[in-house]
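The values are calculated or read from the model by the stated rules, or taken from the named source; none is laboratory data. What you see is a predicted model, and the numbers here were worked out from it, not measured in a lab. Cβ placement follows ideal geometry from the backbone for every residue including glycine, while neighbour counts extend to all protein chains displayed. For the accessible areas, the whole protein counts, side chains as well, though only heavy atoms, and no ligand, DNA or RNA atoms are used. Shrake-Rupley method; radii C 1.70, N 1.55, O 1.52, S 1.80 Å.
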Amino acid sequence: MKKAILIALIIVNSITMMALTFYLMKLPWLASDEKFLIWSTTALNFSNRDQPDSEEFALINTSYDLQLIDRYDEFGFPVGNQAITDRQKLTQLLQAINSGEEKPKYIIIDIHFVDSTSSDDQLVQELRKLENVILSAHINDEGELEKPIFEDINFGISDYLIGSAFDGVYKYQLVYNDTLKLLPLKVHEAISGKQSEKLGPFVKVDSEWTMNNFIMNYRVIQKDIYDLEAGFNPISMGELLYLTDEDIQKFTADKIVVIGDFFENDMHETVLEITAGPLILLNALMTIQQGDTIVNIWFFLLIITAYALLSYLVFVEGDMIENYIKKLPGKKLTKYLAGFASYFIMLTILSLMTYWMFNIHLNVFFIAIAFYLMDRFAGLILYKST
């Protein structure tokens, strides 16, 4: 093969695989082999984590503070009752916070406000008094945004939009449909004073670039909120209201307050364990604040260099790993797939490097398939024709 043609093929294939890499990051699912790789590296990193200071947060659980309201069918006729978070208690809690001089740094209310109650007028009055508060919004089954009924109150999407498909929350994203910012990103903007915008597969936060779609490094997991020594134990809203207003204000002053269901009806499978929705939001916020997925020129140089090397192996005979695998005893199918195994091994090493250097996982299984298929196609076209 002429040198100029070989160089052109390597460049085109490397760029194509780079585009495929960012496309795969947007997808909600992972291959089983990828799950083990991601779980093992995430678990190892978690075991060596620097746990955040619990004094910076106040977690308030609403699992056991419920009220019954009417449920209506699609035609507006009552068909029974449904349980929602007790909004009268929530109003009392916000009244206690608003009556103090020291306010929370920020209040995240991860509650789905889609039905009206008799307590709403008082509740919205208290919400309007708060400068730093955000409510949860959701995307319905038709892909439409369901805003909270309190339209003049700040809100952000709290769905795990690229992690809700199939079997768990493995990936997270910051901006939905190029314009709708998820709740953790909006909170980070408010606290830090930085602005963000989505540009292709990336989000520019102030002067830094981060992936829009990523797998989080969890700093606080469900097990931590059961551990009294960890200090992240959520206090039930009803129990908190037994305290004086001064004690409530002291508990929430200058903290990021997260109000939501931490134990019952908002649980999701994550890369490490079953975790409450509000806790996932908090981890996503800490991921952004700590700059876990910030990328720079070195990330792109590492990827493009690795893909150029793999593309060279695609178009030139002499893959030492493949030749070694073929020599191992085994069935014909194993030897036939030796090429895929060699690409998978090398991409696994690359994913480990991108994770430890940039906290970014790659979808190595599907990229390995792409390289292998291109290898087979190149072998069929380029070498059988000579």
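Going by the alpha-carbon gyration tensor, a ≥ b ≥ c the square roots of its eigenvalues, is the stretch 227-295 rounded (a/c under 1.5) or, if a/c is not under 1.5, prolate (a/b greater than b/c) versus oblate?
Judged from the Cα gyration tensor, the stretch 227-295 comes out oblate (a/c at least 1.5, b/c at or above a/b).
Which residue, Ser351, Val203, Leu127, has the largest displacement toward the positive end of the dipole of the chain when charges sit on each Cβ (Lys, Arg +1; Asp, Glu -1)?
Among Ser351, Val203, Leu127, the one farthest towards the positive end of the dipole of the chain is Ser351.
What shape does the stretch 181-306 take by its C-alpha gyration tensor, where a ≥ b ≥ c are the square roots of the eigenvalues and a/c under 1.5 counts as rounded, a/b above b/c as prolate, and the rest as oblate?
Cα axes put the stretch 181-306 in the prolate bin.
Given that just one value was derived from the coordinates, which of (i) 20.1; (ii) 23.5; (iii) 22.4 is Kirkwood radius over Cα pairs in Å?
Among (i) 20.1; (ii) 23.5; (iii) 22.4, the one derived from this structure is (ii).
Highest mean first, how do 8-20, 84-96 rank when packing is the count of other Cβ atoms within 10 Å averaged over residues?
Ranked by mean Cβ neighbours within 10 Å, highest first: 84-96, 8-20.
As a test of reading the structure, rank Leu301, Leu27 by solvent-accessible area (1.4 Å probe, protein chains only), most first.
Leu301, Leu27
Report ³J(HN,Hα) in whole Hz for each residue of the stretch 286-292, in order, from the Karplus equation J = 6.51 cos²θ - 1.76 cosθ + 1.60 where θ = phi - 60°; Gly and Pro get x.
Taking θ as phi minus 60°, the curve returns 5, 4, 5, 4, 8, x, 4 Hz for the stretch 286-292.
Please compute the modelled spin-label separation between Leu272 and Ala230, points set 7 Å along Cα→Cβ, answer in nm with one decimal.
The two pseudo-label positions are separated by 0.7 nm.
Considering only protein heavy atoms and a 1.4 Å probe, what is the carbon-and-sulfur percentage of the accessible area of the chain?
Using a 1.4 Å probe with all protein chains present, the chain comes out at 55 percent carbon and sulfur.
Pairs of Cα atoms under 8 Å, at least six residues apart: use those to get the relative contact order of the stretch 193-259, whole percent.
Normalised by residue count, the contact order of the stretch 193-259 is 13 percent.
By how many nm would the segment from Asp245 to Gln290 grow when fully extended, if each residue of separation counts as 0.36 nm and the alpha-carbon distance is taken off?
12.9 nm
Remind me, relative contact order of the chain in percent, using alpha carbon pairs under 8 angstrom and six or more residues apart?
Across the chain, relative contact order equals 23 percent.
Please work out whether the stretch 62-183 counts as rounded, prolate or oblate from its C-alpha gyration tensor, where a ≥ b ≥ c are the square roots of the eigenvalues and a/c under 1.5 means rounded, while otherwise a/b larger than b/c means prolate and anything else oblate?
Oblate.
Give the accessible surface of the chain per residue, rounded to a whole number of Å², with probe radius 1.4 Å and ligands, DNA and RNA excluded.
51
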